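The structure appears below as structure tokens.
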Amino acid sequence: MDKMAPVTILVVEDDEGQSFLIEKHLKRSGIVNNIVHCGSGQDAADYIWAKGPHANRAKNGPLVVLLDIKLPGMDGIELLQRIKADPATKNIPVLLLTTTSDPRDIAKCYELGCSGYVTKPLEADAFSEAIRRIGLFIQVVSLPQES
Amino acid sequence: MLPVRHPPVDVAWTLVCGILVFVMQAGFMCLEAGLVRQKNSINVAIKNFTDFFISSTAFFAVGFGLMFGASAGGFIGSDGFFLSKYIAQDSEGWIFTFWFFQDVFCGTAATIVAGGVAERIRYPGYMWVSFTVSAIIYPIFGHWAWGGGYDLAPQQGWLAAMGYRDFAGSSVVHMVGGAATLACLFVLGPRKGRYLPDGSAVKIWGSNIPLATLGTFLLWIGWFGFNGGSALALNQSVGLIIVNTNLAACTGSLVGLCWSWHRKGKPEVESVLNGALGGLVAVTASCAYVTPISALAIGALGGVGVNITSNLLTRFRIDDAVDAIPVHLGAGIVGVLCVGLFAKEEFLVGGSRIRQIAVQALGMTVCLVFTVTVEWLLVKLGDRYITRLRVDPDDEDRGLNLSEHGARTLWLDLAEDMHYIERTQDLSKRTTVEPETEAGVVAQMFNRLMDTLREKSAQLMDRTEALNASYLRLSEVNRELVQQRRENEMFVYGVSHDLRSPLVNMSGFGRELTYALGEMRTLIGESVLPPEQKRRGLQLLDDDVATSLRFIHAAVERMGNITNGLLRLSRTGWVLYDHKEVDLSSVVRRILDAMSITILERGAAVRVGPLPTLLGDPTAIEQVYANIIGNALDYLDPSRPGDVEIGWDQEVSPTTTEWAEERKAFHHLYVKDNGLGIPETAKPKLFQIFQRFHPNLSNHGSGVGLSITRRIVERHGGSITVESTEGQGSVFRIAWPRKQKS
């Protein structure tokens, strides 16, 4: 197997508790990748485009974004739109991971080109299972190199 | 040649008969006024009065001379105008008697026209008509039939010279009168509304039939003078003449009676009266020449002639207001011909009946053609150059009493006022009250009624206004309520959404605590703590921590269920529906397949009857049935075999018709079970959210199932109800509209 550049997982989530749980469950599923947390849409955008406080971040290889819709300031849908609008970033897989299950939101996200939409289950076991599976998915999937 | 001497008794008889004939003027007036409408009665009466004084004057000036003056070639009299010549010649005064008798005859011919043309001829126009008849038509034909010089100069009128016989004037007076009427009617046309576009006749009712009957009596009386006096002497023939006159009148009446009885089922009065008159007219030509038996026949034939002519007039859309033409022209023709048919031999010309009939026919034809043609010409010319003949349509409506004479009839005025108010619907108008009159009393009552009506009408208007205002307010409130509900649903939806995030956290960290607890237990178990401490430590973990966590976990789960339920319920308020045809049978089958395990477990028998195709959202319909069938299975009585029936009420049960129509607009579906039933206390709140009545059963479910079901059904325009007896079972009934409102 080729030695691929290690994937960085960007978790964009404003709820600290859920952010914590997501990282916990990802690690439990065997993920050893670099996990970066951003608490707002703007912060995530800065990271993705290496602007502002993240201007000097290391190029960590391909990116996978786990995105919540409900974010302060710029919301998840707008961030998704921006990512997909920029040719440099549009190939980055974006998984929506959100509490809402409004069918309108689901439709919009797929329209904009998200790679998947996961509604966080209320049930703790189901939640951890969902994150575990996302982790497995990330492990097996091939990703475009960061440009 | 000197005039024949006339004995005083002859003079007396002739004068008295002349006076009787004058009574016929009154008779005609009563007859005609009685047969026309009230609004024209005054006009008709005065026309009858008028034609007498006009005809008398004209006859004195011109008519008598033309009729009885020395004959110019048998066609026309040439002298005797103003009677001047005869007065000079006459020493015994017979001229006056004779003239008077002839004058009233002329008046009779003239007055016949008044009836036929009634209700549409202008008064001045009628004066012209009278003049033409009495000054021109009557004298000229009279000369042909009777003329030959008052003093019996050798030259006779040409018809008379041929042997034409008309004893008292069936043709001279009656045919002339009738034919002149016909000529006038050609020019005038029918009365407004008399003939419908399809040709059928509308009966115009007379205003005073008893008066008309009186008129007929007076005519009958006068006719004795008319026929009897034509002998110009009180001799042997007079008795026969009078008897014949009477008998003909009788059979004429009988014919009129029978004809009307047969044709219309009841004897119409007008028919009987006209029958009598027809008989009288017919016998007038031959009363001195025939036997009484013949007179019976002649009278009857006269009656027949009247009826046939009447039908002909209707067929040709000629409107004779009083049937003057049938009586005088129709029966007159019969009368003239009957002379030939029935006259005793001694009176026949040249002793030959055939010849007499021929001469009669000729005379009859000449009379008809001459009168109609010349009168028509004179009337047409008069209409163009002298005075308009026909009244305005408005005047015809208002009545000639008013238009020609300005004569008011209080009752008619009252009727007209009321009609005006009815037509304009102007409740503020009132009728004029003529005090101290019967009509005035009624007018006053009517006005008071109008006051009350107006008041009540105003009240009604107010109530309607108030009702309208209430309705508008109600609509407004309704709109607000719908809006409010929508807002509520959006709110609930929003809140339940927002609650999900903290719930995820609570649930997630609850789980973390449980993991940590497990690890701690292991840790303590493997530690080197003294056994008592170890035991204490484990006890703390198991009793306090684990128990607390368990309860927290349960509570979080419950919160999750509630928010999920709220979410689903609020979504049913606004989620968009597809409108499709849904095969309910296959939906139910699908649901039962999914629930087959539960059905088996409970040992329930589920029966499905024929089900209709519903119009609505397929998902929503499936939700409804899944919920209700699920409930039915869940709440079965474990102590007896469960039975669930899913069906469709195709027969609309007999109810009052208004509800039946409503019911027909819906499909009536039901789900029946023989389960635990619903307690009475629970029924009012059954469809409300979060109510559960059998806490021992089904801890799953959020308690929103029936609320959602009801909301779905309502959004489709239907309704859901339940009947239930605790311990026996329940029936859920759904009324689903056959047509969806968009």
Exercise: per-residue mean of other protein chain Cβ atoms within 10 Å, B:549-560
1
Among A:VAL36, A:VAL12, A:VAL118, which one moves the most in a GNM of chain A with springs linking Cα atoms closer than 10 Å?
A:VAL36
Sparse-neighbourhood loop sites, trypsin sites (Lys or Arg not before Pro) in region A:42-147 - DSSP loop, at most 14 other Cβ within 10 angstrom
A:LYS51, A:ARG57, A:LYS59, A:LYS90
Would you mind checking region A:106-147 for residues with the amide N under 15 Å from a putative spin-label position 7 Å along Cα→C-beta of A:LYS84?
A:106-118
What residue among B:LEU474, B:ALA282, A:ALA107 has its Cα farthest toward the positive end of the dipole of the protein assembly as shown, where the charges are +1 on Lys, Arg and -1 on Asp, Glu, each on the Cβ?
A:ALA107
Using a 1.4 Å probe on the protein heavy atoms, what percent of the accessible area of region B:439-571 belongs to carbon and sulfur?
63
For chain B, report the accessible area per residue in Å² (1.4 Å probe, heavy atoms, rounded to an integer).
49
Simple SL model, points at 7 angstrom along Cα→Cβ for B:HIS419 and B:GLU557; separation in nm is 9.3
Could you give the length gained by full extension between B:SER428 and B:SER586, i.e. 0.36 nm per residue of separation minus their alpha carbon distance, to one decimal place?
49.9 nm
Ignoring ligands, DNA and RNA, please state the percent of accessible area on region A:1-90 from carbon and sulfur, probe 1.4 Å.
54
Percent RCO, i.e. relative contact order, over region B:439-571, from Cα pairs under 8 Å lying at least 6 residues apart
38
Taking the protein assembly as shown and counting helices only, DSSP H stretches of n ≥ 4 at -39,500 (n - 2.57) each over all residues, the nearest-500 ellipticity at 222 nm comes to -19500 deg cm²/dmol
Could you list the chymotrypsin sites (Phe, Trp or Tyr not before Pro) in region B:304-398 that lie in coil according to DSSP, counting only those with at most 14 other Cβ atoms within 10 Å of their Cβ?
B:PHE316
Quick shape check on region B:163-218: root eigenvalues a ≥ b ≥ c of the Cα gyration tensor, a/c under 1.5 is rounded, otherwise prolate if a/b tops b/c, else oblate, and it reads oblate
At 7 Å along the Cα-to-beta-carbon direction for both B:ASN447 and B:PHE186, put a label point, then send me their distance in nm to one decimal.
5.3
Along the charge dipole of the protein assembly as shown, which of B:TYR670, B:TRP223, B:SER586 sits closest to the positive end, that is, farthest toward it, with unit charges on the beta carbon of Lys, Arg, Asp and Glu (+1, +1, -1, -1)?
B:SER586
Taking only Cα atoms and a 10 Å spring cutoff, compute GNM fluctuations for chain A and point out the largest among A:GLN42, A:GLN81, A:GLN18.
A:GLN18
Can you compute log10 of I(q)/I(0) for chain B with the Debye formula, treating each Cα as one identical point scatterer, at q = 0.08, 0.09 Å⁻¹?
-0.75, -0.86
Anchor B:LYS266: lysines whose Cα lies under 23 Å away (excluding residues fewer than 8 positions away in-chain):
B:LYS203
Based on the Cα coordinates of region B:8-398, what is the per residue volume of their convex hull in Å³?
122
Report the gain in length on full extension from B:LYS456 to B:GLU726: 0.36 nm times residue separation, minus Cα-Cα distance, nm rounded to one decimal.
91.6 nm
Signed unit charges on C-beta, dipole axis of region B:298-453, positive-most listed residue B:ILE298, B:ALA324, B:SER310:
B:ILE298
The size of the Cβ-based charge dipole (Lys, Arg +1; Asp, Glu -1) of the protein assembly as shown about the Cα centre, to the nearest 20 debye, is 1120
Inter-chain shielding of A:12-22 (mean C-beta neighbours from other protein chains, 10 Å cut-off)
3
Share of pairwise Cα separations in the protein assembly as shown, more than 35 Å, in percent
70
With just the Cα atoms defining each centre, how far is region A:58-95 from region B:232-290? Give it in Å.
123
In region B:119-224, what chymotrypsin sites (Phe, Trp or Tyr not before Pro) fall in a loop by DSSP, with at most 15 other Cβ atoms inside 10 Å?
B:TRP205
For the residue pair A:LEU136 and B:VAL608, what label-to-label distance in nm results when each label sits 7 Å from Cα along the Cα-to-beta-carbon direction?
3.7
Over region B:608-647, what portion of Cα pair distances is larger than 11 Å, expressed as a whole percent?
71
Apply the Karplus curve 6.51 cos²θ - 1.76 cosθ + 1.60, θ = phi - 60°, to the phi angles in region B:46-55 and return the couplings in whole Hz, x for Gly and Pro.
6, 4, 4, 5, 5, 5, 6, 6, 5, 5
Is the shape of chain A rounded, prolate or oblate, going by the alpha carbon gyration tensor and its root eigenvalues a ≥ b ≥ c, with a/c under 1.5 for rounded and a/b larger than b/c for prolate?
rounded
Suppose every K and R has +1 on its Cβ and every D and E has -1 on its Cβ; what is the size of the dipole of region A:77-147 about the Cα centre, in Debye to the nearest 20?
140
For the interface of A with B, what's the total buried accessible surface in square angstrom, probe 1.4 angstrom, rounded to the nearest hundred?
1800
Within 10 Å, at most 10 other Cβ atoms, and a DSSP state outside H, G, I, E, B define an exposed site. Report the longest part of chain B free of exposed trypsin sites (Lys or Arg not before Pro).
B:204-738
Sorted by chain and number, the residues with a modelled amide H under 5 Å from that of A:ASN34, at a separation of 5 or more or across chains, are A:ILE9
Which value results when the Cα radius of gyration for region B:543-656 is divided by 2.2 N^0.38 Å?
1.46
For region B:254-337, state the average projected area of the convex hull of the C-alpha atoms over all orientations, rounded to one decimal in nm².
5.1
Length-normalised contact order for chain A - Cα pairs under 8 Å, 6+ apart - percent
26
Chain B: relative contact order from alpha carbon pairs under 8 Å, six or more residues apart, as a whole percent, is 11
Accessible area expressed per residue, chain A, with surrounding protein chains retained (probe 1.4 Å, Å²)
48
Pull out the extension gain between B:ASP198 and B:ASP394, defined as 0.36 nm times the separation in residues minus the alpha carbon to alpha carbon distance; nm, one decimal.
68.2 nm
Taking θ = phi - 60°, what integer Hz values does the Karplus form 6.51 cos²θ - 1.76 cosθ + 1.60 yield along region B:475-481, in sequence order, with x for Gly and Pro?
4, 4, 4, 4, 4, 4, 4
Relative to the Cα centre, what is the charge dipole magnitude of region A:10-147, using +1 at the beta carbon of each Lys and Arg, -1 at the beta carbon of each Asp and Glu, and rounding to the nearest 20 debye?
460
PRE reach from B:VAL545 (point 7 Å along Cα→Cβ): which of region B:502-517 fall under 13 Å by backbone N?
B:512-517
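The values are calculated or read from the model by the stated rules, or taken from the named source; none is laboratory data. Here the structure is a predicted model, which means the values were calculated and not measured. Cβ sites come from the backbone with ideal geometry, for glycine too, and all protein chains shown count toward neighbours. For accessibility, only protein heavy atoms count, side chains too; no ligands or nucleic acids. Shrake-Rupley method; radii C 1.70, N 1.55, O 1.52, S 1.80 Å.
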